[in-house]
1. ALA31 passes all but one of (1) surrounded by fewer than 13 Cβ atoms within 10 Å (Cβ to Cβ); (2) touching a residue at least 24 places away in the same chain (Cβ under 8 Å); (3) closer than 21 Å to ASP140 by Cα; which number fails?
2. Do you know which residues across segment 111-165 are basic (Lys, Arg), touching a residue at least 12 places away in the same chain (Cβ under 8 Å) and out of contact with any Gly (no Cβ under 9 Å at 6 or more places or on another chain)?
3. Among all residue pairs at least 6 apart or on different chains, which show Cβ distances below 6 Å where the first residue, located in segment 63-85, is surrounded by fewer than 18 Cβ atoms within 10 Å (Cβ to Cβ) and among the small types (Gly, Ala, Ser) and the second is at pLDDT 95 or above and not in a loop (DSSP other than H, G, I, E, B)?
4. Name the single residue, out of those in segment 97-110 being outside any loop (DSSP other than H, G, I, E, B) and free of Cβ contacts under 8 Å to residues at least 40 places away in the same chain, that is farthest from HIS25 (Cα to Cα).
5. Condition (residue is more than 27 Å from GLN107 (Cα to Cα), of a type outside the set (A, V, I, L, M, F, W, C), in contact with a helix residue (DSSP H, G or I) (Cβ under 7 Å, 6 or more places away or on another chain) and at pLDDT 95 or above) applied to segment 5-20: is it met by at least one residue?
6. Looking at HIS25 and the list (1) in contact with a helix residue (DSSP H, G or I) (Cβ under 9 Å, 6 or more places away or on another chain); (2) modelled with pLDDT under 95; (3) assigned to a helix (DSSP H, G or I), which single condition is not satisfied?
7. Select, from TYR33, TYR43, the only residue that is farther than 16 Å from LEU132 by Cβ, of a type in the set (Ser, Thr, Tyr) and at pLDDT below 95.
8. Of the residues that sit in segment 48-62 and are without any contact (Cβ under 8 Å) to a residue 40 or more places away in the chain and outside any loop (DSSP other than H, G, I, E, B), which one is farthest from VAL115 (Cα to Cα)?
Amino acid sequence: MQIRPATPADVPVVLPMVAKICTLHEAWDPAKYGFLPNPAQRYERWLAKQTVNDRSVFLVATHRASVDQVEQLVAFVIATIEAEIPIYRLKEFGFIHDLWVEPDYRQLGLGRQLVERTLQEFRHKKIQQIRLDTAIANDDARRLFQSCGFRLSTIELLAELNEQEP
């Protein structure tokens, strides 16, 4: 397996993985993750911009079964530097938007390698704090991130308001 920065040519291969993330999230919580049609295609231009944005970390993992086989993209992570609101001492932070490892490549340490490489890239960019959100149902991701040094910070609550109530 090789981990490398994503290129614009990787984006079309990443999009089906984005679609899988969206499908999974929507199955877990359709109120929170109620996507518009074709959410992966809506990501396309943004992802392409991140391949050349020095304020992002967009990595892909590839696998080549043998020397004569084509390299296959099997995982990705996308993270950006975000501005904090101006009431805090911290001015900006890294934010991991998405991490995906294809099912056949899970439990091989690839997710951990992508997270650790992302943290390393942010350290080089002098970012002092990295954040992310994960679905309440995603125990595996929470365990992975906690094993990479993340801790619980906030808990988001969601209330659905029925328009018919007074």
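The values are calculated or read from the model by the stated rules, or taken from the named source; none is laboratory data. No experiment lies behind these values; they were computed from the predicted model shown. Note that we place each Cβ from the backbone using ideal geometry, even for glycine, and neighbour counts take in every protein chain shown.
1. (3)
2. Correct list: ARG112, ARG117.
3. These pairs meet every condition: ALA83/GLU92.
4. At the first step, the residues of segment 97-110 found to be outside any loop (DSSP other than H, G, I, E, B) are 97-101, 103-105, 110.
Still in the list and also free of Cβ contacts under 8 Å to residues at least 40 places away in the same chain: 97, 103-104.
On the way: HIS97: 13, PRO103: 16, ASP104: 19 Å.
By that ranking, first place goes to ASP104.
5. Yes - at least one qualifying residue is present in segment 5-20.
6. (1)
7. Working: TYR33 fails: farther than 16 Å from LEU132 by Cβ.
Going through TYR33, TYR43 in turn, just one is farther than 16 Å from LEU132 by Cβ, of a type in the set (Ser, Thr, Tyr) and at pLDDT below 95: TYR43.
8. Checking each candidate, the answer is LYS49.
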